[in-house]
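Sharing a structure below in structure tokens format, with a few things to ask.
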Amino acid sequence: MSPTAGKSLNPVPIKERMKLPRQAMLEQPPLLRASNFKEVNLGYSEELARREAQRCLECAKPTCIDTCPVGVKVKEFVQLIVAGDYLGAAAKIREDNVLPAITGRVCPQEDHCEGGCLMGKKVQPLGIGYLERFVADYEQRHMDKSTIRRAEPSGKKVAIVGSGPSGLTAAGDLVQKGHQVRVFEALHELGGVLVYGIPEFRLPKQIIREQIDYMRAMGVEFETNVVVGKTVTIEELMEEEGYDAVFIGTGAGAPQFMGIPGEHLNGVYSANEFLTRINLMHAYEFPKFDEPMLDFRGKPVAVIGGGNTALDAIRSALRLGAGKAYVLYRRSEAEMPARIEEVKHAKQEGIEFHMLTAPIEFVSDSKGWLTAARCIRMQLGEPDASGRRRPVPMEGSEFELPLSVAVIAIGTSANPLIQSTTPGLATNKRNYIEADSDTQRTSKKGVFAGGDIVTGSATVILAMGAGRRAARSIHEYLTTGTW
Amino acid sequence: MFKIQHAEFIAPGIKRFVIEAPRIARKQKPGQFVILRIYEEGERIPITIEKSDPVCGTINIVVQSVGKTTHLLNSLETGDRIRDVVGPLGKPSEIEKFGTVVVMGGGVGTAMAYPTAAAFKRAGNRVISVVGARSKELVILEREMREVSDELLITTDDGSYADKGFVTDKLRQLIDAGTQIDLVLAIGPIPMMRAVADVTRARNIRTIVSLNPIMIDGTGMCGGCRVLIDGKSEFACVDGPEFDASRIDFAVLVQRNAMYRAAEQKSMEDFQSERVALLAKVHAECVLQGGGK
């Protein structure tokens with residue numbers, strides 16, 4: 001089925017392809033979507049997908065694959081789209097990525113596949129993310145899951161701790177090798193950060209459920225309401241429940257606060273709490289769902305931070321009726337870690353970006369409710385450890401910004417639950433788990449780790465890359481028995 | 001789904017549930033709690049575990065009807081199912097031989113203080129328990145507390161049973177009588193714990209209280225349950241729920257617990273009119289999920 005370089009099915013001559021415009025994603029109009037939680041991007045039609053796929057230059061040495069953390073064979077799946085074999089394209093992606101409908105929506109493609117696309121040097125890169133999403137959604141609508149074949153049982157059991165992107169990826173890869181895989185999740189719903197962190201308008205819950213149902217069909221077992229470290233320890237899983245290996249993919253998990261006065265005020269949230277209320281607990285559907293959210297309709301709301309989490313939070317606030325919605329970021333827009341598409345979408349929706357601005361104190365009324373943030377302007381100095389120019393406060397530039405709600409989205413730190421209950425598990429000085437960057441092995445025999453609990457806050461696809469590497473080395477460990 | 005093996009009211013508005021939760025029962029230690037969610041649209045609420053039976057695989061919780069979720073929970077009966085129960089969460093109580101320990105339970109807090117009182121007794125402490133309630137019928141666990149205490153004192157606000165007054169009156173009397181108190185554990189409504197802290201702070205008696213702020217995940221992930229301890233944020237779900245009372249900023253605790261009062265009132269009003277329909281929905285979920293985990 002896989003076309004070879006010599007026999008391209010693409011009717012467009014190579015020379016002409018660069019002249020074709022990148023096909024735009026259909027999306028909800030900004031003013032409409034700013035008042036609902038439905039998905040912003042509506043997806044490609046078959047026709048748009050084939051037209052976009054025809055832009056692919058079919059490079060002899062495709063750089064889009066090397067830049068993908070899980071190594072999706074982009075050229076091959078795009079060629080299958082050109083050929084009209086969408087299920088074949090989905091199967092091709094699935095060889096390397098068990099969550100295509102998710103990565104197609106939330107990957108920062110500009111940093112990976114599309115960043116590596118040769119066309120991007122002259123014109124707009126191939127819409128690889130959009131194509132991946134198209135294929136994954138097509139698969140969901142048309143594939144008969146009962147045809148999924150299960151591998152011959154290996155007789156080995158693997159426990160996966162956490163059902164976020166790294167855990168699901170490791171589970172999917174391992175079950176295909178015939179291992180019995182069980183995923184333990186602390187919350188009542190599966191998906192980890194995909195469920196509690198990423199809002200409906202960017203990644204609908206239904207998509208996550210479908211991807212997980214697919215994994216169930218592959219044979220992966222799931223158990224919710226298990227906080228490993230509390231409900232059961234890693235050692236108990238291995239010694240009493242007979243797991244031959246454990247993968248820890250619990251995410252970073254603990255919110256960072258700024259350490260400025262007033263963070264305990266009513267109306268000040270961590271991004272984790274704000275988003276968990278909205279996403280996991282459906283507070284935006286109160287009173288149909290019981291979890292409440294403050295009523296800040298018509299009132300000013302700000303998020304502090306410049307990453308995807310910050311934009312998810314402020315765009316959620318806008319949808320809940322915030323009168324003003326600000327992003328306060330201490331560096332400039334060039335340093336913002338958020339996906340380009342999210343920044344574009346947020347601006348279209350009317351979010352105000354205040355760059356080089358940081359709060360130094362939260363101010364309240366006499367009853368402890370937030371009324372304002374005292375802020376200071378910054379300027380960029382010399383590059384810091386991250387390679388980005390360090391923000392330096394400008395003396396005398398303080399000002400007060402009236403606010404009813406402030407959401408702190410400046411990153412996360414390591415949640416110590418597992419480290420503190422697993423003897424022999426080495427951690428670094430910031431309490432993240434030490435794991436080999438290639439094999440994901442920890443200091444404890446049979447225990448592997450990957451994702452944010454090893455690296456600190458990163459992206460879905462980087463966590464998936466770690467899950468993939470871990471699965472490979474877990475399989476090797478289980479088949480050879482050598483540590 | 002977690003099956004309710006047994007449910008019965010032990011006082012007006014206060015119900016005890018025996019819930020099948022084998023993993024939790026195996027690991028529970030005094031002072032720890034579970035978070036539960038009754039049905040798909042429900043919120044997650046923390047409730048301290050009264051005791052557990054690792055052999056039968058059950059845990060007991062005692063619930064007082066306060067808001068919508070606790071009212072709905074207390075409408076459930078033997079044989080019903082709770083959608084999600086997770087735990088045991090939080091740090092266990094610090095149990096050692098302190099000497100003389102005064103265990104104070106206010107209202108339903110008595111059920112939460114009970115397992116730790118029993119553990120204090122087993123560790124060789126002299127346990128003086130003080131149980132308080134608004135009135136006679138709200139005095140709970142009297143027999144159980146008596147069993148694990150060297151001395152049991154009871155107060156009711158209205159004097160309808162035992163001595164009229166507050167638990168703090170008894171504490172003051174003990175102190176005034178020259179009782180050497182090495183540790184106080186107080187669990188109950190915030191004003192009661194705050195009043196106890198005020199009595200013991202002046203006399204330098206180490207005092208532990210168990211806090212119950214608004215929580216969501218219970219694993220340290222969201223930070224919603226942060227409390228000010230010596231001016232610094234700590235998370236009740238993982239750093240607590242027990243804290244040294246003298247270090248707690250009670251004013252901030254009260255302020256943060258009031259954050260969703262308007263929404264809570266609306267939920268409660270809606271619940272009054274939707275109670276029957278909601279119960280039917282919960283029962284339907286039980287059937288749909290087939291009870292199997």
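Please treat every number below as a calculation from the coordinates, not as lab data. No experiment lies behind these values; they were computed from the predicted model shown. We place every Cβ from the backbone using ideal geometry, glycine too, and count neighbours over all the protein chains shown.
Skipping prolines and chain starts, which residues have an amide H placed within reach, meaning under 5 Å, of the one on B:D157, given they are 5 or more residues away or on another chain?
Answer set, sorted by chain and number: B:A133, B:R134, B:S135, B:G165.
Compare the Cα positions of A:F184, A:G262, A:G129 along the charge dipole of the protein assembly as shown (+1 at Cβ of Lys, Arg; -1 at Cβ of Asp, Glu; about the Cα centre) and return the one farthest towards the positive end.
A:G129
Along the charge dipole of chain A, Cβ charges K/R +1 and D/E -1, which of A:G465, A:P13, A:G424 sits furthest on the positive end?
Going by the Cα projections, it comes out as A:P13.
Report the charge-dipole magnitude of the protein assembly as shown in Debye, nearest 20, computed about the Cα centre from +1 at each Lys and Arg Cβ and -1 at each Asp and Glu Cβ.
Here the size comes out at about 1200 debye.
Additional query: Which of the listed residues, A:I148, B:A186, A:G162, is farthest toward the dipole's positive end in the protein assembly as shown, when Lys, Arg count +1 and Asp, Glu count -1 at the beta-carbon?
A:I148
Report the Cα centroid-to-centroid distance between region A:150-199 and region A:419-437 in angstrom, as an integer.
21
About its Cα centre, how strong a charge dipole does region A:187-313 have in debye, to the nearest 20, once Lys and Arg get +1 and Asp and Glu get -1 at the Cβ?
860
Okay, moving on. What number, in percent, do you get for the relative contact order of chain B if the mean sequence gap of Cα pairs under 8 Å and at least 6 apart is divided by its residue count?
That works out to 17 percent.
Summarise the partner chain shielding of B:209-222 as one whole number: the mean count of Cβ atoms from other chains within 10 Å of each residue's Cβ.
6
Can you list which of the GluC sites (Glu not before Pro) found in region B:172-279 are DSSP loop residues with at most 13 other C-beta atoms within 10 Å?
none
Right, something else. Just from its helices, what would the mean residue ellipticity at 222 nm be for chain B, if runs of 4 or more DSSP H residues each count -39500 (n - 2.57) and the sum is divided by every residue, rounded to the nearest 500 deg cm²/dmol?
The helix-only estimate for chain B comes to -9500 deg cm²/dmol at 222 nm.
Just to be sure I understand: of the beta bridges DSSP finds with both ends in the protein assembly as shown, what percent are antiparallel, rounded to 5?
About 50 percent, rounded to the nearest 5.
What span do the alpha-carbon atoms of region B:4-56 cover on each of the three principal axes, reported in whole Å from largest to smallest?
28, 27, 21
Report, ordered by chain and residue number, the lysines lying within cross-link reach of A:K445, taken as a straight Cα distance under 18 Å and ignoring same-chain residues fewer than 8 apart.
Within the straight-line limit of under 18 Å, A:K445 reaches these lysines: A:K156, A:K157.
How far is helix B:190-201 tilted, in degrees, relative to the longest principal axis of the Cα atoms in chain B, given as a value from 0 to 90 rounded to the nearest 10?
20
Please go through the residue pairs A:K347/B:K266; B:K27/B:K170; A:K19/A:K61; A:K15/A:K347; B:K51/B:K232; A:K73/A:K344 and name each one whose alpha carbons sit more than 25 Å apart in this structure.
Long pairs (Cα-Cα over 25 Å): A:K347/B:K266; B:K27/B:K170; A:K15/A:K347; B:K51/B:K232; A:K73/A:K344.
Can you tell me the 0 to 90 degree angle between the C-alpha axis of helix B:167-176 and the longest principal axis of chain B, rounded to 10?
Tilt relative to chain B: about 20 degrees.
Once you keep just the Cα pairs under 8 angstrom separated by 6 or more residues, what percentage relative contact order results for region B:1-146?
26
Separate question: What whole number of Å gives the distance from the Cα centroid of region A:28-77 to the Cα centroid of region A:292-343?
25
What relative contact order, as a whole-number percentage, does chain A give when Cα pairs under 8 Å and 6 or more residues apart are counted?
15 percent.
State, in angstrom, two size descriptors of region A:314-358 derived from its alpha carbons: Rg to one decimal place and Dmax to the nearest whole number.
Over region A:314-358's Cα set, Rg and Dmax evaluate to 10.4, 29 Å.
Further question on the same structure: For region A:123-206, run through the trypsin sites (Lys or Arg not before Pro) and keep only the ones in DSSP coil with at most 16 other Cβ atoms within 10 Å of their Cβ.
A:R149, A:R150
Ranking B:K29, A:K15 by Cβ neighbours within 10 Å, fewest first, what do you get?
Ordered by Cβ neighbours within 10 Å, fewest first: A:K15, B:K29.
Compute the acute angle (0 to 90°) between the alpha-carbon long axis of helix B:109-122 and the principal axis of greatest extent of the alpha-carbon atoms of chain B; round to the nearest 10°.
Approximately 60 degrees, to the nearest 10.
Taking every alpha carbon pair in chain B, what does the distance histogram look like in 5 angstrom bins from 0, in percent?
Each 5 Å bin holds this share of Cα pairs: 1, 6, 12, 16, 19, 17, 14, 9, 4, 2, 1, 0, 0.
Name the helices (complete DSSP H segments) of chain A with a Cα length along the long axis of 24 Å or more and a Kyte-Doolittle mean of at least -0.5, or state none.
A:460-480
If you don't mind, another one. Which chymotrypsin sites (Phe, Trp or Tyr not before Pro) in region A:1-99 pass both tests, a DSSP loop state and at most 11 other beta-carbon atoms within 10 Å?
Passing sites in region A:1-99 do not exist.
Once the Cα gyration tensor of the protein assembly as shown is found, what semi-axes does its equivalent ellipsoid get, as square roots of 5 times the eigenvalues, in whole Å, sorted largest first?
Semi-axes from the Cα gyration tensor: 49, 30, 24 Å.
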